[in-house]
Amino acid sequence: MRLENKVVVVTGGAQGFGEGIVRRFATEGARIVIADIQAQAAQDLAQSLQTQGVSAIAVKTDVSKGPDMHHLAATTLNSFGRVDVVVNNAGTSHRNQSLMTVDEDEFDRVFAVNVKSIYWAAQAFVGHFRAQGAGAFINIASTAGVRPRPGLVWYNSTKGAVITASKAMAVELAPDSIRVNVINPVAGDTPLLGTFMGEDTPAMRAKFIASIPLGRLSQPQDIANAALYLASDEAAFITGACLEVDGGRCV
């Protein structure tokens, strides 16, 4: 198994891309920490995995809050004794609209969840990675940070920030054998899809799909397969990479 005995933390792990990553990693032998602000959904998923023989726990976590992220790290170490991979997947967006109509509270929320969470993850986990001599971050950004589109200006800029921060982290943390990589999904069939499109209708889906050369939205399994490679020892010499999982959208 490609992740046998590795301890993996997945933020936003109770649904969407995060759930896909959790389930895929579990099939490869990982021990899983599901961090999500939706505590019951995270617990339900953990219990479901436990019935299949997977070592999994759930930790209620608001990734925009430092105490929550430090609690997540402490709980992981108390439960498993180590942490090998942190997948910073939790994210949110404002609804597709004019850049002028996104209010300050919404702007602050999107930056706190999408960008400040990366800061808190570094604060909470880098010390542990250094102490054990290795570790990996996989940060889920977006094609929106590579090919931004109208209506999602402030969301786009958070994902651009994640990409830049990740590359800088990769260089700074490389001497500590800590790898940092990015996955950029195209719009996926997840609970955030309607927010990205403004409204989830067949016509809007068709419009989005028309911009993807391979002719479909991304699925959680697509993102999970890419994350699996970056989490595995097969990617031991990969850091600072941005992998578009987008069906050709960014070409």
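Coordinate-derived values only; no laboratory data. All values reported here derive from a predicted model rather than from experimental measurement. Positions of Cβ are generated from backbone atoms using ideal geometry, with glycine treated the same way; all protein chains shown enter the neighbour counts.
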Rounded to the nearest 500 deg cm²/dmol, what is the calculated helix-only ellipticity per residue at 222 nm for the chain, with -39500 (n - 2.57) per DSSP H run of length n ≥ 4? -13500 deg cm²/dmol
Could you put 172, 104 in order, starting from the residue whose Cβ has the fewest other Cβ atoms within 10 Å? 104, 172
Under 20 Å from a point 7 Å along the Cα-to-Cβ line of residue 174: which residues of segment 217-251 have their amide N that close? 230-244
Taking the alpha-carbon centroid of each part, what is the distance from segment 98-141 to segment 34-95 in angstrom? 15
Charge dipole of segment 7-245 built from unit charges on the beta carbon (Lys, Arg +1; Asp, Glu -1), centred at mean Cα; most positive-end Cα among 145, 53, 39 is 145
Contour minus Cα-Cα distance for residue 233 and residue 108 (0.36 nm per residue): 41.3 nm
Which ordering of 250, 242 is given by a fewest-first count of other beta-carbon atoms within 10 Å? 250, 242
The exposure ranking of 100, 69, fewest beta-carbon neighbours within 10 Å first, is 100, 69
For segment 7-245, please report how many Lys pairs fall under 21 Å Cα to Cα, leaving out neighbours fewer than 8 apart on the same chain. 6
Let's test this: bin the Cα-Cα distances of segment 65-206 at 5 Å from zero up to the farthest pair and state each bin's percent. 2, 9, 18, 20, 17, 13, 10, 6, 3, 1, 0
Note: probe point = Cα of residue 40 + 7 Å toward Cβ; backbone nitrogen < 20 Å; residues of segment 167-209 passing the test are 191-192
Consider all pairwise Cα distances in segment 7-245 and report the whole-number % of them above 29 Å. 23
